[in-house]
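The values are calculated or read from the model by the stated rules, or taken from the named source; none is laboratory data. Keep in mind that this is a model prediction, so the values were computed, not measured. Cβ atoms come from the backbone with ideal geometry, glycine included; neighbour counts cover every protein chain shown. What goes into the accessible areas is simple: the full protein's heavy atoms, side chains included, and nothing from ligands, DNA or RNA. Shrake-Rupley method; radii C 1.70, N 1.55, O 1.52, S 1.80 Å.
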Amino acid sequence: MADIIFFDLDGTITDPKVGITGAVAYAAKNYLGIEIKDTDTLTCFIGPPLDESFRVHFGLSESQAKEAVEVYREYYRPRGVFENTVYEGMPELLRDLKAAGKTVVMATSKPEYFAKQIAEHYGFAEYFDCITGSTMDGSLVKKGDVIRLALKRIGNPHTDRCVMVGDRMHDIEGGKENGMHTVGVLYGYGSREEMEEHGADVIVPTVKALREYLLGQ
């Protein structure tokens, strides 16, 4: 069993739906002049790098997407970052992984500044040996690159000791790119089909099932 557990943040540790969709709707209105009446249609923005999502879903150029992200942060920075819900059972799982002697790492496409802010605000920062995220300027965003940096920060352990846990294809692809075992969770925003298509080694439906897999409890 792996003794170094990497976690995605959005859709894996917390449900960020309210904050992220609210910020996207704000950017759509204030940057693009588009009124989004049903923010549930924006859950596709949860998980992938933001600039990529703005390009894909609104047809923006690379430079326009970067500008849209800046407008997004006008909402997200003071408000959206705190519009999260921690998945039931997750704080206890993180606590018990640490108590069992595991190294616990966060690797997220969310800017590291916000990831640390969320972890502190919701009281689970203490369970992580390392929190690594993307950069605000967009120079580091791809999940595989974020994981690679996190590995470097914890001393470049052999990746057969590591498992990457996440809810979207980027988590699975990023883990595999770095030679890790991968676990796809279905309580977030990715489907079983997405997990299977991108080759997750294990798929679990709930936090309880994830706990059973990681701790045998």
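For the reader, a short list of remarks on this structure follows.
- Residue check, Ile5 open to solvent by less than 10 Å² (accessible area, probe 1.4 Å), among the aliphatic types (A, V, I, L, M) and at pLDDT 95 or above: yes
- Total residues in the range 9-42 satisfying the condition of being open to solvent by 10 Å² or more (accessible area, probe 1.4 Å), in contact (Cβ under 8 Å) with a residue 24 or more places away in the chain and either within 25 Å of Val86 (Cα to Cα) or within 21 Å of the chain's Cα centre (by Cα) (or both): the figure is 6.
- Selection status of Ser61, of a type in the set (Gly, Ala, Ser), in contact with a helix residue (DSSP H, G or I) (Cβ under 8 Å, 6 or more places away or on another chain) and either crowded, with 20+ Cβ neighbours inside 10 Å or in contact (Cβ under 8 Å) with a residue 24 or more places away in the chain (or both): no
- Candidate set from the range 99-144 (those that are more than 18 Å from Ile4 (Cβ to Cβ) and of a type in the set (D, E, K, R)); member that is surrounded by the fewest Cβ atoms within 10 Å (Cβ to Cβ): Asp137
- Output for the range 84-109, where each listed residue is part of a strand (DSSP E or B) and under 21 Å from Cys162 (Cα atoms): Thr103, Val104, Val105, Met106, Ala107, Thr108, Ser109
- Unique match (being closer than 30 Å to Tyr31 by Cα, of a type in the set (Val, Ile, Thr), open to solvent by 60 Å² or more (accessible area, probe 1.4 Å) and in a helix (DSSP H, G or I)) among Val71, Val81, Val56: Val56
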